[in-house]
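Right, one structure below, let's go through it.
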Amino acid sequence: MPRITVTVDEITYEEEVEPRLLLVHLLRDRLGRTGTPIGCDTGNCGACTVMLDGVSVKSCSVLAVQADGGEVVTVEGLSSGQEWHPMQKAFHAEHALQCGYCTPGMIMAAIDLVRNDPDPSEEAVRRGLEGNLCRCTGYTNIVRAVRRGAQEMAGRHD
């Protein structure tokens, strides 16, 4: 079995993995990062989105061996101690969830979107989150949260 080294939320792990093991299963089952949910296991819903080397990926579509030598950030790795990431705060403030199942993936995708477009329009947010599905909301609060999170990340409070 291949042996990989991966840094997850600033902790480096060495793991022996089956070649077909998905990153989401490594994160949840082996490393205890249960904040990354398994939604569809097909890459359609985006609930399992994490950052891999600074880019959002659906961890059910990435093999653990593909993360060898990489750096993964999960929703659990966003906060600094007790201080939430600005996007987490924005989702809370804007009530951008109902059941919360999609929220970790939405937040991770939103952060990546905002890094590439620091002041996204409503249309840009909707387009940027197309690969992340929410079955509970009408997306209005999610869009508002992403835009608010973008402002917070940029240090603006307009």
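Here, each number is a calculation from the coordinates, and none is a lab measurement. Being a predicted model, the structure only gives us computed values, none of them experimental. Positions of Cβ are generated from backbone atoms using ideal geometry, with glycine treated the same way; all protein chains shown enter the neighbour counts.
Listed values, structure above:
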{"item": "Sum of -39500 (n - 2.57) over DSSP H runs of 4+, divided by residues of the chain (222 nm, nearest 500)", "result": "-8500 deg cm²/dmol"}
{"item": "From phi via Karplus (6.51, -1.76, 1.60), per-residue ³J(HN,Hα) for segment 34-43 in Hz, x at Gly/Pro", "result": "7, x, 9, x, 9, x, 10, 6, 10, x"}
{"item": "Prolate/oblate/rounded label for segment 1-89 (Cα gyration tensor, a/c 1.5)", "result": "oblate"}
{"item": "Difference of contour (0.36 nm per residue) and Cα-Cα distance, Asn44 to His95", "result": "16.0 nm"}
{"item": "Within-13-Å neighbourhood charge of Ala64 [Cβ basis; K, R +1; D, E -1]", "result": "-1"}
{"item": "Interchain or long-range residues, amide H under 5 Å from Thr49's placed H", "result": "Ser59, Gly105"}
{"item": "Pair-distance profile P(r), taking every C-alpha pair of the chain, with 10 angstrom steps and integer %", "result": "12, 42, 32, 12, 2, 0"}
{"item": "Net charge, Val6 excluded, C-beta distance under 10 Å - Lys, Arg +1, Asp, Glu -1", "result": "-4"}
{"item": "Gaussian network model of the chain, Cα within-10 Å springs - most flexible of Ser56, Ser80, Ser121", "result": "Ser80"}
{"item": "Span-rule helices in the chain, defined as complete DSSP H runs reaching 15 Å or more along the axis (Cα) with Kyte mean at least -1.0", "result": "103-116, 140-154"}
{"item": "Backbone HN-Hα couplings from phi across segment 65-75 [Karplus 6.51/-1.76/1.60, Hz, Gly and Pro as x]", "result": "5, 6, 8, 4, x, x, 10, 10, 10, 9, 4"}
